[in-house]
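Rule-based calculations on the coordinates, nothing more; no lab input. Just so you know, these numbers come straight off a predicted model, no measurement behind them. Using ideal geometry, Cβ is built from the backbone for each residue, glycine included, and neighbour counts are taken over all protein chains shown.
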């Protein structure tokens, strides 16, 4: 088996169907197996996908295991030389897996390969990222990319050849299975978000490389899954960010992060509230932003309880 594809889904049957179809219709000679981990879906996912794709390996959980635990569960059952973690809202271009697999086979010091993520209109998405620091988390990331493009590379630059990066956006993440096993997979302390970032950090600490492949194109819905539960997803993002800093940064950096984020959150809450009032609540964007900020403040005031966020 060349590649074991792992797709984690929860109530995204239509998107997952397209993701599976894109892998099956890849038009390449690679031997592939496809795992779909259903994290407690209440839609037609558990019945429709096995019926439409008889060769699919469905792992059904009655509860939401989180992304990291779901991937680890499928990886233990896999037999591929490489693992492809593919978001349910992502679709690799036909033939895209072949050059990605070839790159890893000819570069044994590379453990992770990422692709160029694309919008449906053909424009580029941010596909690579820096490891989270106080600068990336407290300052504007778009501004950092524009001021220091070499240090903070992003979609503003059209890359022509593969190059080493700190971490990739995990919508398409091709991983050498031997490296995955050595690192014991994803850290299950991350329920949703930052799993791939932490994994890439551990890869680089093993003196292995993480590489962005600009010629491998993947259409990506960019958060369509998270948008279904936007408030819960934002809470999970904040929770995972705290987990990442607790694991990989010193106490003083964690303190500065917390204070800085709370100042930004309160400012955003006040600004969104004022603009919501000024528009008499008719502007959906500001109304939604005020709701999310209010939920985040309430979550912090209650001590960041685990049961608040995405359904478990």
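Odds and ends about this structure:
- Take every pair of alpha-carbon atoms less than 8 Å apart whose residues are at least six positions apart; their mean separation over the length of the chain yields a relative contact order of 19 percent.
- For the chain, the 222 nm mean residue ellipticity estimated from helices alone, with every DSSP H stretch of n ≥ 4 adding -39500 (n - 2.57) and the total spread over all residues, rounds to -13500 deg cm²/dmol.
- The gain in end-to-end length when the residue 105 to residue 291 segment is fully stretched comes to 62.2 nm, 0.36 nm per residue minus the alpha carbon separation.
- Computed extension gain for residue 133 through residue 206, at 0.36 nm per residue and net of the alpha carbon distance, reaches 24.3 nm.
- For the stretch 229-301, relative contact order (Cα pairs under 8 Å, six or more residues apart, normalised by length) works out to 36 percent.
- Multiplying the residue separation of residue 164 and residue 51 by 0.36 nm and subtracting their alpha-carbon distance yields 36.6 nm.
- Listed candidates [x] 49; [y] 32; [z] 41 - label of the one calculated as percent of Cα pairs over 28 Å apart: [z]
- Listed by Cβ neighbour count within 10 Å, with the fewest neighbours leading, 184, 110, 71 appear as 184, 110, 71.
- Panel order for 182, 137, by other beta carbons found within 10 Å of each beta carbon, from fewest to most: 182, 137.
- Taking a point 7 Å out from the Cα of residue 1 in the direction of its Cβ, the residues of the stretch 97-114 whose backbone N falls within less than 20 Å of it are 97-98, 100-102, 104-105, 112-113.
- Two-site FRET efficiency, residue 156 against residue 121, from Cβ-Cβ distance with R₀ of 25 Å, rounded to 0.05: 0.90
- For residue 42 and residue 262, a Förster radius of 41 Å and the Cβ-Cβ distance give a FRET efficiency of 0.75, rounded to the nearest 0.05.
- Spin-label pair residue 254/residue 31, simplified geometry with 7 Å Cα→Cβ offset, distance in nm: 4.6 nm
- Separation in nanometres of the label points that stand 7 Å from Cα toward Cβ, at residue 182 and residue 283: 5.1 nm
- The angle between the Cα long axis of helix 251-278 and the main principal axis of the chain comes to about 70°, on a 0 to 90 degree scale.
- Cα centroid separation, the stretch 236-270 to the stretch 141-174: 23 Å.
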